[in-house]
Amino acid sequence: MEGYFAIMETLSYQDLSLVIKFGVQFGLWGMSVTLLGTEKHHAKYLPQIGSLELPGCFAMSETHHGSNVKELQTTATYNHANRTFTIDTPQKYDRKEYIGNAAVHGEAATVFAKLVIDGTDYGVNAFIVPIRDKNKQTLPGITIEDCGHKMGLNGVDNGIITFNNVVIPYDNMLDKFASVNENGEFESSIPSDNRRFFTMLGTLVGGRIGIPRSALAAAKVGLTTTIKYSDNRRQFGPDSGQEVPILNYRMHQLRLMPYLAKSYALTFALQYLTKRFINRTEADMQEIEALAAGLKAYTTWNVRNTLQECREATGGKGYLSENRIDDLKNDTEIYTTFEGDNTVLMQLTAKNRLGEYRKEFGEISVGTIFNYVVEQAKTGITEKNPFATRNTDEAHLKDATFHLQAFKYRERELVSSAARRFKRLTDDGLEPFDAANIMHPHMLQIANSYLDRVVLEQFLAKLETVKDPTIKDTLTNLYTLFALHKLDEHKDWYLEQGYMEGVKTKAIRKLVSQLCWEIRQDAVPLTEAFDIPENCLGAIATFKAAQA
């Protein structure tokens with residue numbers, strides 16, 4: 001898995017369509033057979049998948065059901081007389097849509113469908129379904145259309161697949177978590193339908209690690225191109241002197257340096273997530289799934305914003321295709337909605353954090369609320385006293401203890417207030433679904449605060465491993481910029497809470513600007529440390545300004 005992620009990230013410097021083709025073949029098609037199948041499937045399919053002898057695809061999403069996988073309508077009806085399954089698309093919009101590798105190359109697919117036995121629905125399961133022969137001719141009962149031209153990733157053959165009573169052998173059910181026994185009865189080692197469903201989907205969490213790593217690599221290409229260009233592109237200057245590099249302008253630094261800091265912060269956070277996934281235990285899986293879902297959203301949104309800033313910061317040059325920012329922007333645009341819509345994934349992360357809160361405090365009751373108030377009172381004494389809320393001393397503002405306390409306070413307050421709010425809404429008679437719907441914006445704040453804290457902690461953990469004092473100083477500046485830029489981003493919330501006063505948030509804003517100025521001196525070497533081959537950068541990365 002570590003090698004797979006490294007390859008996916010490295011290929012992203014060169015061509016994102018290639019990355020997605022690679023990811024579908026090995027990360028979705030191959031991984032679904034590996035993790036949802038058993039030895040008979042591994043022996044039969046994996047050598048062919050690994051050698052590309054058997055190109056395939058991953059057919060989960062339907063036209064009318066994307067995020068809501070549990071309600072997929074494609075059926076797999078078991079026929080006990082001849083021990084087969086019949087795969088069928090009941091209605092037009094129950095077809096599989098946006099399936100990578102389907103329109104041109106795929107010869108087989110992992111198809112997610114409702115298992116039906118004697119008229120009883122046993123929920124969504126996975127099946128291997130051949131869709132083309134070796135001559136690339138579509139097989140009987142299979143209809144495939146191309147999705148059409150897209151904003152980006154047009155090297156990926158996204159297709160629409162419709163099944164018309166396609167019969168497959170009994171052994172084509174991927175049966176690690178559920179099967180049909182010799183008597184034609186449904187069996188599973190996991191009795192709970194919900195738990196079995198989420199266990200099945202949880203095995204595929206690797207895609208939510210590969211995608212943000214790929215997206216971040218694209219952002220690094222854009223940042224490296226933009227910062228190198230900005231270091232050489234000269235405009236204006238003192239009346240009596242030469243024009244100066246645009247990267248010397250404070251506003252240009254404020255546009256780019258925070259994204260440079262975030263790219264480092266996210267590198268360390270994704271390395272941490274990767275290690276946790278590779279060394280996972282059953283007990284860790286729920287938290288790893290929630291963290292992977294959240295970091296996928298958190299990173300891809302940041303990449304979208306980074307590349308937009310790169311485009312604008314390079315002016316007309318950034319609009320030229322030779323400088324790659326257009327392709328990087330368009331190709332990563334879909335990253336915010338595939339492998340899970342970002343907003344939905346953030347809800348998943350927030351629900352996990354509320355679950356952890358419930359484990360810690362149990363049911364919300366008078367006693368729980370009393371204990372919470374006592375804890376908040378303690379916080380008020382240590383963190384919300386007048387000296388702390390107005391402290392503008394530079395050493396304090398740069399202190400990692402202050403950053404971590406502030407990040408944890410925001411996370412803790414958002415989670416606990418959400419728990420109380422949800423209870424109040426349901427106590428007033430609202431259905432849990434309607435209460436959750438009202439709270440969606442609150443849930444996104446919970447997820448963001450949790451991810452901010454995790455990313456901050458991983459940056460700090462990385463700093464502890466750095467021995468070279470010069471490198472440590474440079475990385476510490478980046479870390480501090482990341483921390484203070486986040487506090488500045490959420491200053492309205494901290495002001496509302498009385499955690500900071502205006503004099504402190506103003507001081508933070510000024511220090512962010514100063515840090516951007518200091519980091520500018522190291523900006524080019526910091527991008528060179530990404531070690532991206534020069535031929536993968538935009539043409540303007542090697543731009544040299546004429547000297548007056």
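Overview of values
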| read-out | value |
| --- | --- |
| Which listed pairs, of LYS21/LYS92; LYS317/LYS504; LYS114/LYS351; LYS504/LYS544; LYS150/LYS176, have C-alpha distances above 30 Å, in listed order | LYS317/LYS504; LYS504/LYS544; LYS150/LYS176 |
| Cβ charges +1 (Lys, Arg) and -1 (Asp, Glu), total dipole of region 86-183, debye | 320 debye |
| Listed residue (TYR298, ALA313, ASN352) projecting farthest to the positive dipole end of region 298-364, Cβ model | ASN352 |
| Alpha-carbon Rg with Dmax, taken over region 410-548, Å | 21.3, 74 |
| Whole-Å distance, taken between Cα centres, linking region 304-326 and region 127-180 | 37 Å |
| Theoretical FRET efficiency, 1/(1+(r/R0)^6), r = Cβ-Cβ of PHE530 and HIS440, R0 45 Å, to 0.05 | 0.80 |
| log10 of Debye I(q)/I(0), alpha-carbon scatterers only, for region 410-481 at 0.19 Å⁻¹ | -0.77 |
| Difference of contour (0.36 nm per residue) and Cα-Cα distance, ALA43 to GLU312 | 91.7 nm |
| The chain - Rg (one decimal) and Dmax (whole number), Cα, Å | 26.1, 93 |
| Length gained when the stretch GLU185-ASN385 is fully extended (0.36 nm per residue, less Cα-Cα span) | 65.5 nm |
| Linear extension gain, ASP399 paired with LYS70, 0.36 nm per residue minus alpha-carbon span | 113.8 nm |
| Net dipole in debye of the chain [+1 Lys, Arg Cβ; -1 Asp, Glu Cβ; about Cα centre; nearest 20] | 1140 debye |
| Kirkwood Rh (inverse of mean 1/r, distinct Cα pairs), region 488-548, angstrom | 15.1 Å |
| Cα pair distances of region 1-40 binned at 5 Å [whole percent] | 6, 24, 27, 22, 11, 6, 3, 1 |
| Approximate spin-label separation LYS92-ARG421, in nm, with each point projected 7 Å along Cα-to-Cβ | 4.1 nm |
| Cβ-Cβ FRET estimate between VAL466 and ASN79, R0 fixed at 60 Å, reported to 0.05 | 0.45 |
| Solution diffusion estimate, µm²/s, Stokes-Einstein, region 200-317, Kirkwood Rh from C-alpha pairs, 4 °C, viscosity 1.567 mPa s | 81 µm²/s |
| Net dipole in debye of region 23-137 [+1 Lys, Arg Cβ; -1 Asp, Glu Cβ; about Cα centre; nearest 20] | 200 debye |
| Apportionment of accessible area to carbon and sulfur, the chain, percent (1.4 Å) | 52 percent |
| Per residue accessible area in Å² of region 159-234, where ligands, DNA and RNA are left out and the probe is 1.4 Å | 35 Å² |
| Globularity index of region 385-452, i.e. its alpha-carbon radius of gyration over 2.2 N^0.38 Å | 1.49 |
| Positive-end residue of GLY141, ALA81, HIS42, charge dipole of region 33-162 with Cβ unit charges | HIS42 |
| Ranking by accessible area, most exposed first, for LYS96, LYS408 with a 1.4 Å probe | LYS408, LYS96 |
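The values are calculated or read from the model by the stated rules, or taken from the named source; none is laboratory data. Bear in mind the structure is a predicted one, so any value in this text is a computation, not a measurement. No Cβ is skipped: glycine too gets one built from the backbone with ideal geometry, and neighbour counts run over all protein chains shown. Protein only, heavy atoms only, side chains kept; ligands, DNA and RNA dropped before computing areas. Shrake-Rupley method; radii C 1.70, N 1.55, O 1.52, S 1.80 Å.
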